[in-house]
Every structure is written in structure tokens, then in C-alpha cells.
1. Filter region 238-254 down to the residues that are charged (D, E, K, R) and modelled with pLDDT of 90 or more, then identify the one that is surrounded by the fewest Cβ atoms within 10 Å (Cβ to Cβ).
2. Mind listing whichever residues of region 101-117 are part of a strand (DSSP E or B), of a type outside the set (Asp, Glu) and either over 13 Å from Ala54 (Cβ atoms) or touching a Gly at 6+ places or on another chain (Cβ under 8 Å) (or both)?
3. For residues in region 24-75 being hydrophobic (A, V, I, L, M, F, W, C) and over 25 Å from Lys195 (Cβ atoms), which is surrounded by the most Cβ atoms within 10 Å (Cβ to Cβ)?
4. Out of region 222-281, which residues are part of a loop (DSSP other than H, G, I, E, B) and of a type in the set (A, V, I, L, M, F, W, C)?
5. Going by the conditions given, is Arg121 charged (D, E, K, R), under 19 Å from the mean Cα position of the chain (by Cα) and in the same structural domain as Val19 (by TED's automatic domain parsing)?
6. Tally time: how many residues in region 177-203 are in a helix (DSSP H, G or I) and closer than 15 Å to Lys252 by Cα?
7. So if I check each of Leu215, Leu209, which one is under 15 Å from the mean Cα position of the chain (by Cα), outside the structural domain of Lys107 (by TED's automatic domain parsing) and among the aliphatic types (A, V, I, L, M)?
8. Only residues that are under 15 Å from Ser260 (Cα atoms) and either outside the structural domain of Lys250 (by TED's automatic domain parsing) or hydrophobic (A, V, I, L, M, F, W, C) (or both): list them for region 174-200, please.
Amino acid sequence: MAGPPAFAAGGGISISAEVTDAAIAFEGEDTLTVSLTWEGEPFLYQIDDFPMPAVEKFKVLGSSSSVASKADPQAAGGEITTRTFRYILEPTDFGTGVISPLNLNAKNRVTEAVQELKTGRLTVEIAKPVAKPESKSGKTGYVIGGAALVIVLGASIAAVIVFKRKKSETPQVAVDGYYCEALQAIKREAVADRKLFYSRVYRLLLNYLEKKRGLELSGKTGEEIMQLVASLEDDAERKHLMAWLTQAQKVKYQPETPSSGDVENSYNEIYLFFEKKNLHA
């Protein structure tokens, strides 16, 4: 059952936010959907920053956006456009999860008027974790001779060590593959909005630094983030990441829109970076 939507409107554009489920299991996931709706063509409004929600007892696993329009003779411009942002949320604790209000600025490309939009506060009830039964695969239920028992236990221990080692190594490839796929999705969805491309790439790089390099970036300013990145041991990786983060930050504040060539170059460089990480995992 979907959670109650938070809705705000003003002028020619409105914003709404809702969660798919108002109550979930600790082992489950939820989806936050934020929708912007206006009368007119898809490119009437400019949204510079791809918003990321501030959450409690959740972490954001991924995000996506889409734009759709439908004909409406009674609407201004003859159509109604909806731009949708979706976030996959995973619980980090049980109890009441909180999604703080999202603030957005929407600029009308015709009138150049900027409108401030804000969603309401949303909550989700997260159930307590379900205890998992202990695995019995490593136990031997038979009484056998002393020498045979030593051999069996030795083989079991070796098997467990190999299994654990493979289990710890497997996510390395899967996670790196995720970044290549996420980058491809960003390029597809932000092809018409180059500033949005860099905004989403910036957040993808921060996600990589948190998940793969163990940096604590939550709540940090741009300057503080760069100081932490500067502490990375790998010289080549440090230089690349600092260059890409700096470029994305510059694009955010510069008035002109980046060229398609800049986007293509950035995409190719970052994709190759993630691809190499995957190959050498």
C-alpha cells in the first residue's frame, strides 16, 4: 500500500512525493517517487540539480529519472508534462524511517522566473529484523573413526575457508559492474540535459568513494570531500577522481551549458575507469 503523498503547488508547476509502501520489512526495500507536473512542453522548465533525499534509518541504493508528456487541448501549450525522480531506499535500522522534505528550484525557460518547490515530510514504519537460523552445513552429524574424522573436519574447514573467500570476492565484480551500468543509465536519461548529467555523475562518484573506498562523505561540504579524496593512496585514481569531481562542481555553477563533446569525453573516461576496476577485481 502506497504511503500518503506530500503535495505542493505554485504557479504553473507542482510537485508531489510518495513512497510505495508506508510499512516494510527490515530486509525489504521501498521506493520514493517525486513528480513534477506542468502545462507545456518537456523543456519548459529547467531543473539544475538532481535532488537526493535526506533520510533517516535508510540509505539510497540508486536513483533514476524520466520525462513523459500527454496531449491536453485545455492545457497551456496543448500538453501536460510530468518529470519523475525515483529513489530505491534500503533500511539501515528498524523503527520509523524518515524522508525529509526535498527542496527544488524550477526555472521557466521562457519567462526565466525561478520557482521554489518543496515536498512534505514522509515516514515509513520499518519492522524489526527477522532472526536467521544458523547454518548447519559445517557440522558433521556422524561418529566415525579418529583418523577419518580428522580428514573430514580438515576438508570441511578448507571448504569453508574457500567458500568465504569466494563470497567476499564476488561482490567486488558485481559492484563494479553496477557502476558501469549506472553510468550508462545516466547518459541515456540525461542526454537532453547536460548539467543533469554532471550532477548525477558527481553523486555516482561519491557513491563509489563511500562504497569502494570507505570514505565517510555524508554531511560533508564539497571542500571537505575533496580533502578526503586527496588522502587516497592510489596516485592515478586520486588524480582522476579529483579532476572529475572538480569538473562536475564547476558545471553546476557555470551559467553556460557544457558541450556534447565535454559530456562524451567525461563519459568515456569515467566508463573506462570503472571498466578497468571490474576487469582487475
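1. Ranking the candidates gives Lys239 first.
2. Leu104, Asn105, Ala106, Lys107, Asn108, Val114, Gln115, Leu117
3. The residue in question is Phe58.
4. Listed by number, the residues that qualify are Ala230, Leu232, Ala281.
5. no
6. So the first thing to find is which residues in region 177-203 are in a helix (DSSP H, G or I), and the list is 177-189, 194-203.
From the residues that got through so far, the ones that are closer than 15 Å to Lys252 by Cα too are 194-203.
Total meeting the criteria: 10.
7. Exactly one of Leu215, Leu209 is under 15 Å from the mean Cα position of the chain (by Cα), outside the structural domain of Lys107 (by TED's automatic domain parsing) and among the aliphatic types (A, V, I, L, M), namely Leu209.
8. Correct list: Ile186, Ala190, Val191, Ala192, Leu196, Phe197.
The values are calculated or read from the model by the stated rules, or taken from the named source; none is laboratory data. This is a predicted model, so every value here is computed, not measured. Neighbour counts are summed over all protein chains in view; Cβ atoms, including those assigned to glycine, are modelled from backbone coordinates with ideal geometry.
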